[in-house]
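Here the structure comes first, spelled out in structure tokens, and everything after it is commentary.
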Amino acid sequence: MFKIDLKNSAIFLIVLYIVMVGFFYNFYQHLVIKDAKQEVVNVLNTTKAIRKYVENIQKPVIYDLEKRGELYKEFFDPRILSSTFIVNTIHQMLTNSKKLNNQIPYKFKLAATNPRNPINKANNFEKEILDKFRKKEIKEFSTTLKENGESYFYVAVPIERNQKSCMKCHSTPEVAPKELVQMYGNKAGFGEKVGDLRAMISLKVPISHIVSTHIRDFLITIFIALIFFIIFYILLYTIYNKNQKLQAKRDLLLLNQNKLASMGEMIGNIAHQWKQPLAQLSLILVNMELSHERGKLSQDKLKEKINEANKQISYMADTIDDFRNFFSSGKPKERYNIKDVIELTQKLLSVRLDKNKIKINIEILEDFYLVGYPNEMVQALVNILNNANDIFLERGINNPQITIRTYTENFKKIIVIEDNAGGIKVTPKEKIFEPYFTTKQAKNGTGIGLYMTKMIVEKNNNGDIGVKNLDNGTAFVIIF
Ligand SMILES: Nc1ncnc2c1ncn2[C@@H]1O[C@H](COP(=O)(O)OP(=O)(O)OP(=O)(O)O)[C@@H](O)[C@H]1O
Ligand SMILES: [Mg+2]
């Protein structure tokens, strides 16, 4: 039968659950970042398309108007002529509406090494990436990065390389519209050549933000996992309980079986103990009858004989009481001393032990009290003594002896039962305490005896039982 350890199972499940939550957190984070990357790349590509539209469609229209004199020559307004300004503004609007809709706001930045507007100046990190784009080492850059304790997901792509249309505003201040120079000065943003890469655009998204918008999925997953774990534990608990009940039933059955086995012996015992007083009784009766026939049964003699008979009868009654005590159940726990228990045990087994000429030495170095059921303790000892008896016969031991010793040590109450039958031959020795372990198959041994003894000592009386081999025998040590 498999054993379930509820406490360890619970710890195991909790640890497993924590690991699973960690795993799911990572899983969602990765999944979400993967999705986010796709979306961010799309946004950047759209941004590029807007820039392209401004460069290739919007600007030529405005320059054409200028050429035809519909617009004055030095006209410049970033709101319709600066693709960077336009795209920045669009992103600002996008961020605002995202915030309103409780969506993840992106931090958009155009980064250039030679920007017209200082807010677009590339920092060192961005310069390195720009450099890679310029050398065409990469087409797109993405990473996660930490800033002020917050993790970000970051993607950058280059803008279109300089075209001819860019040169009007980015080559020299002389060709640039006057209003532009008035607005931004004659230094920043000039000196560009066709085909050069001026800038890149990037988006930065806080990861916690990405994850937190998907936290619902995550929570649902770990909640379902939690329910699954709880159900699993309840199942385990139910199986465990059933097992416990089954075990308790089995133990009760074994206890009764063990008692029943002793009962047969007990009846033999009673019969034996009664043999002598019965013979005595019949002798008294015969005696009385003879005296009566001879007319010699005086009042005094009759009383004397009746007294004698009563003595024998009360001896027989005592014998019955001793044994009946052993079998009565349902009595409350009581305080009893170990000496009485050992003496009763000896009395119960005396016929058998006498017959096999087994000598019993009882050494009560110290008597002590126990609380519980004395009968149970008698049964525990009877099982040990019966085993010694069996082994003595099996091995034909000369001068068989059993010593029962009681004493206390370090506030522990100790009972030692030793025999000189040659010791336990199985390894590990502790196997003998297992239910149904027996080496007496041929003699119908059940293997319950020592299991019962162990149960009585350890489960019912909070004690400990152990066994060791001596030079020429075995010692059972019981400690309370
Ligand atoms: N004093 C001992 N010396 C040597 N071996 C022992 C001794 N006591 C027990 N054993 C071994 O332990 C085994 C288990 O004992 P246990 O009392 O549990 O069952 P059993 O005696 O075989 O069967 P049952 O008690 O039902 O007759 C025995 O079969 C025997 O091999
Ligand atoms: Mg036995």
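The values are calculated or read from the model by the stated rules, or taken from the named source; none is laboratory data. As the structure is a computational prediction, the values presented were derived from the model and not from experiment. Note that we place each Cβ from the backbone using ideal geometry, even for glycine, and neighbour counts take in every protein chain shown. The accessibility values were calculated without ligands, DNA or RNA, using every heavy atom of the protein model including side chains. Shrake-Rupley method; radii C 1.70, N 1.55, O 1.52, S 1.80 Å.
The C-alpha radius of gyration of the chain, expressed as a fraction of 2.2 N^0.38 Å, stands at 2.20.
Its residues counted as N, segment 135-294 yields a C-alpha radius of gyration over 2.2 N^0.38 Å of 3.41.
For segment 412-425, backbone phi angles converted through the Karplus equation (6.51, -1.76, 1.60; θ = phi - 60°) give residue-by-residue couplings of 9, 9, 10, 10, 10, 10, 10, 9, 10, 9, x, x, 7, 9 Hz, Gly and Pro being listed as x.
Do the alpha carbons of any pairs in K34/K59; K34/K132; K303/K331; K245/K431; K164/K204; K59/K121 sit beyond 28 Å of each other, and which pairs? Among K34/K59; K34/K132; K303/K331; K245/K431; K164/K204; K59/K121, the Cα-Cα distance tops 28 Å for K34/K59; K303/K331; K164/K204. Any idea what angle helix 374-395 forms with the longest principal axis of the chain, computed on alpha-carbon atoms, 0 to 90 degrees, nearest 10? Compared with the principal axis, the helix lies near 80 degrees. Enumerate the lysines that K139 could reach by cross-link, defined here as Cα to Cα under 17 Å, with residues fewer than 8 away along the same chain left out. Partners found: K37, K48, K127.
Taking amide H positions as modeled 1.01 Å from N, with prolines and chain starts lacking one, the residues under 5 Å from S151 and 5 or more places away or on another chain are I207, S208. Summing Cβ point charges (Lys, Arg +1; Asp, Glu -1) relative to the Cα centre of segment 332-480 gives a dipole of roughly 360 debye. Placing a label point 7 Å from the Cα of K204 along the Cα-to-Cβ direction, the residues of segment 100-140 with a backbone N closer than 13 Å are 106-111, 120-127. Coupling constants for segment 181-195 follow from the phi torsions by the Karplus curve (6.51 cos²θ - 1.76 cosθ + 1.60, θ = phi - 60°), and in residue order they are 5, 4, 6, 10, x, 9, 9, 6, x, 9, x, 8, 10, 5, x Hz; glycine and proline get x.
A cut-off of 5 Å between modelled amide H atoms, ignoring neighbours fewer than 5 places along the same chain, links A199 with I159. Accessible-area rank, largest first, for I364, I239, I18: I18, I239, I364, with all protein chains present and a 1.4 angstrom probe.
With a/c under 1.5 counting as rounded, go ahead and sort segment 130-200 into rounded, prolate or oblate using the C-alpha gyration tensor (a ≥ b ≥ c being the square roots of the eigenvalues; past the cut-off, prolate if a/b is larger than b/c, else oblate). It is oblate, given that a/c is not under 1.5 and a/b is not larger than b/c. For the chain, the solvent-accessible area works out to 60 Å² per residue, with a probe of 1.4 Å and every protein chain left in place. Put a dot 7 Å past the Cα of S282, heading toward its Cβ, do the same for S350, and the two dots end up 2.2 nm apart. With both labels modelled 7 Å from their Cα along Cα-to-Cβ, the D318 to D5 distance reads 5.3 nm. Could you state the angle between the C-alpha long axis of helix 215-293 and the longest principal axis of the C-alpha atoms of the chain, as a value from 0 to 90 degrees rounded to the nearest 10? Taking the Cα atoms of the chain, the angle to 215-293 is about 0 degrees. In plain terms, the chain from H214 to V426 could stretch by 69.9 nm, reckoned as 0.36 nm per residue minus the Cα-Cα distance. Couplings for segment 68-77, taken from phi via the Karplus curve 6.51 cos²θ - 1.76 cosθ + 1.60 with θ = phi - 60°, read 7, x, 6, 10, 6, 5, 8, 4, 8, 9 Hz in order; Gly and Pro are left as x.
Every Cα-Cα pair of segment 6-213 was included, and the share exceeding 26 Å stands at 45 percent. Straight-line reach from K242: taking Cα to Cα under 17 Å and skipping same-chain neighbours fewer than 8 places apart, the aspartates and glutamates in range are D5, D251. In this structure, S97 and N186 have a Cβ-Cβ separation that, at R0 = 45 Å, corresponds to a calculated FRET efficiency of about 0.75.
Between R134 and Y233, the FRET efficiency from the beta-carbon distance, with R0 = 60 Å, is close to 0.50. Given +1 on the Cβ of Lys and Arg, -1 on the Cβ of Asp and Glu, and no further charges, what dipole in debye does segment 6-213 carry about its Cα centre, rounded to the nearest 20? The calculated dipole for segment 6-213 is roughly 200 debye. Taking the 0 to 90 degree range and rounding to the nearest ten, how far is the long axis of helix 6-53 tilted relative to the main principal axis of the chain, both from C-alpha atoms? Its long axis makes an angle of about 10 degrees. In the chain, helical runs assigned H by DSSP with n ≥ 4 each contribute -39500 (n - 2.57); averaged across all residues and rounded to the nearest 500, the mean residue ellipticity at 222 nm is -19000 deg cm²/dmol. Computed from point charges on the beta carbon alone (+1 for Lys and Arg, -1 for Asp and Glu), the dipole magnitude for the chain about its Cα centre is near 1980 Debye. Computed from label points 7 Å out along Cα-Cβ, the spacing between K303 and N444 is 5.3 nm. Kirkwood-type hydrodynamic radius, segment 96-173: 14.9 Å, calculated from all non-identical alpha-carbon pairs. What the Kirkwood sum gives for segment 332-480 is a hydrodynamic radius of 15.6 Å, with every pair of different alpha carbons counted.
Taken over segment 246-328, the alpha-carbon convex hull comes to 71 cubic angstrom per residue. For E293 and Y369, FRET efficiency with R0 = 51 Å and r from the beta-carbon atoms, rounded to 0.05? E between Y369 and E293, to the nearest 0.05, is 0.35.
The portion of the accessible surface of the chain made up by carbon and sulfur, rounded to a whole percent, is 57 (1.4 Å probe; DNA, RNA and ligands excluded).
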